[in-house]
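Let me begin by presenting the structure, written as C-alpha cells, before commenting on it.
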C-alpha cells in the first residue's frame with residue numbers, strides 16, 4: 001500500500017498524513033509533481049480520473065481517492081482512536097461538522113485561491129470579482145466558526161476528530177494565501193493553537 | 001424524532017427522504033417555508049446556525065443538520081440495507097463517489113443556480129459570468145460521470161448506495177434549472193432511468 005502525496009502547503013494530502021499520524025500509521029509516500037503536471041497525465045488519471053492528489057493505492061492495484069475517503073478506509077481498518085465517532089450521534093455530529101467545515105469554510109477559501117490568487121491565474125480561468133468577494137465570505141465563515149466553538153475544545157465537541165483535521169488544514173492553507181484568522185476570533189485562535197500543538201500537526 | 005423538510009425541487013431534503021424510503025423508515029415531516037424566510041429566523045438558527053434545511057430533531061432536542069450526516073445517523077441505527085458500505089473498501093469507495101458527485105457535479109450545478117438563475121437574483125449577490133461558465137463545467141461533469149459509469153449499474157459499483165441518491169437528487173435539480181443530461185450520455189441516461197424507477201425516487 002502506498003500514498004501518492006504532495007508536500008505542504010497542499011491541504012488535502014496533509015489531511016491524510018495528519019490522520020495517519022493520529023492513528024500511528026506509517027506508509028510509503030510517493031511524491032507527485034504538480035509543477036510538471038504529473039497529476040494530469042493519462043498514467044495518473046488511471047489512478048484518479050479527476051487528476052487529483054492524494055490517492056491511496058492498495059497492493060492489488062485498487063485505488064482510493066478523496067482525502068477523507070482514504071481516512072475513512074483507515075478508520076474502518078484501525079478503529080482506535082476513533083476519529084469519525086463511535087455511536088450513531090457521534091458519527092452524525094462529526095460528519096456534520098466535517099461537512100460544515102468543507103462547505104461553509106473550505107469552499108470560499110478555495111474560491112479565493114482559484115479566482116483571486118496570482119499563482120493560479122495561469123492554470124485556471126479566473127473570475128477575479130467572484131474570487132475577491134469570497135475573501136469576506138471566508139472571514140465571515142471564520143467568525144461563525146469562532147462563535148460556534150465558544151468554550152469547547154474541539155470542532156465537534158470535547159474530542160479531537162476528523163473535523164479538526166479538516167479545519168486545521170483548511171485554515172493553515174488560508175493563512176498561506178493571506179486569509180489569516182481575524183484578530184477578534186479568540187476561540188478560533190485558541191483552538192488553532194491547541195490542535196497545532198499536537199505532534200500530528202507536523203505531518 | 002422529526003425532520004424539518006422542504007418539498008421538491010429542493011435537492012437536499014429529498015436525499016434524506018429517499019434514504020429513509022430505501023431503509024423503510026417513516027418519520028413526521030415538518031415543513032419549513034423558504035418563501036417567508038423561516039429557515040433564516042433566530043428560532044430556526046437555534047436548530048441549525050447555518051439556516052439550512054433539512055434538520056433532524058431528536059426527542060431530547062438534539063439537532064443534526066447536513067443531509068448526508070442525517071443519513072449516516074440512520075445508517076448507524078439501521079444498518080440494513082447498507083447504503084454507505086460494510087467492508088473497509090466498500091465504505092471508502094462509496095464515500096469517494098459521494099464526494100466526487102458533490103464536489104465535481106453538484107458544486108458547478110449549484111454555482112449555475114446561485115449565480116446565473118433569475119430565481120436567485122433577488123436573494124444572493126450574483127456573479128453572472130461565473131455562473132454562466134459553470135454551465136459548461138456542469139455538462140462536462142455529466143460527461144465525465146457517463147464515462148465512469150460505463151457498463152456498471154450504479155455509481156459506486158454493482159450495488160445501489162448513498163452516492164446514487166446524491167447523484168439522482170443533483171441531476172433532477174439540474175434538470176429543473178435547465179441543465180439536462182447531454183444527449184450523448186447513454187450510460188448516465190440509462191443509470192438515471194434505473195434509479196428513477198425505484199419506488200424511493202418518488203420521495
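Only one entry in A:112, A:55 is outside the structural domain of residue A:181 (by TED's automatic domain parsing) and buried (at least 21 other Cβ atoms within 10 Å of the Cβ), namely A:55. Listed conditions (1) modelled with pLDDT of 95 or more; (2) out of contact with any helix residue (DSSP H, G or I) (no Cβ under 6 Å at 6 or more places or on another chain); (3) surrounded by fewer than 18 Cβ atoms within 10 Å (Cβ to Cβ) are all met by residue B:182, apart from (2). Has the stretch B:11-21 got at least one residue that is within 17 Å of residue B:72 (Cα to Cα) and without any contact (Cβ under 8 Å) to a residue 24 or more places away in the chain? No, every residue in the stretch B:11-21 fails to be within 17 Å of residue B:72 (Cα to Cα) and without any contact (Cβ under 8 Å) to a residue 24 or more places away in the chain.
Number of residues in the stretch A:49-98 that are within 9 Å of another protein chain (Cβ to nearest Cβ) and either at pLDDT below 95 or over 17 Å from residue A:163 (Cβ atoms) (or both) equals 10.
Looking across A:112, A:101, one residue alone is more than 8 Å from every other protein chain (Cβ to nearest Cβ) and over 30 Å from residue B:63 (Cβ atoms). It is A:112.
Just to be sure before I move on: is residue A:94 under 30 Å from residue B:53 (Cβ atoms) and part of a helix (DSSP H, G or I) in the structure I sent? When the stated conditions are applied, residue A:94 passes them. Scanning the stretch B:116-131 for residues that are within 21 Å of residue B:104 (Cβ to Cβ), more than 10 Å from chain A (Cβ to nearest Cβ) and in a helix (DSSP H, G or I) turns up just one, B:116.
For the stretch B:135-150, the condition holds for no residue, the condition being that it is touching a helix residue (DSSP H, G or I) at 6+ places or on another chain (Cβ under 8 Å), surrounded by 13 or more Cβ atoms within 10 Å (Cβ to Cβ) and closer than 27 Å to residue B:37 by Cβ. Residues of the stretch B:1-17 being surrounded by fewer than 18 Cβ atoms within 10 Å (Cβ to Cβ) and part of a strand (DSSP E or B), which ones? Correct list: B:2 only.
Report, by residue number, each residue of the stretch B:138-169 that is within 16 Å of residue B:200 (Cβ to Cβ) and either without any contact (Cβ under 8 Å) to a residue 40 or more places away in the chain or not in a helix (DSSP H, G or I) (or both). Those that are within 16 Å of residue B:200 (Cβ to Cβ) and either without any contact (Cβ under 8 Å) to a residue 40 or more places away in the chain or not in a helix (DSSP H, G or I) (or both): B:153, B:154, B:155, B:159, B:160, B:161, B:164.
Check whether at least one residue in the stretch A:123-135 is within 30 Å of residue A:45 (Cβ to Cβ) and either in contact with a strand residue (DSSP E or B) (Cβ under 9 Å, 6 or more places away or on another chain) or in contact (Cβ under 8 Å) with a residue 24 or more places away in the chain (or both), and report yes or no. Yes.
The values are calculated or read from the model by the stated rules, or taken from the named source; none is laboratory data. For clarity, every value in this text was computed on a predicted model and none was experimentally measured. Positions of Cβ are backbone-derived with ideal geometry, glycine not excepted, and every protein chain shown enters the neighbour counts.
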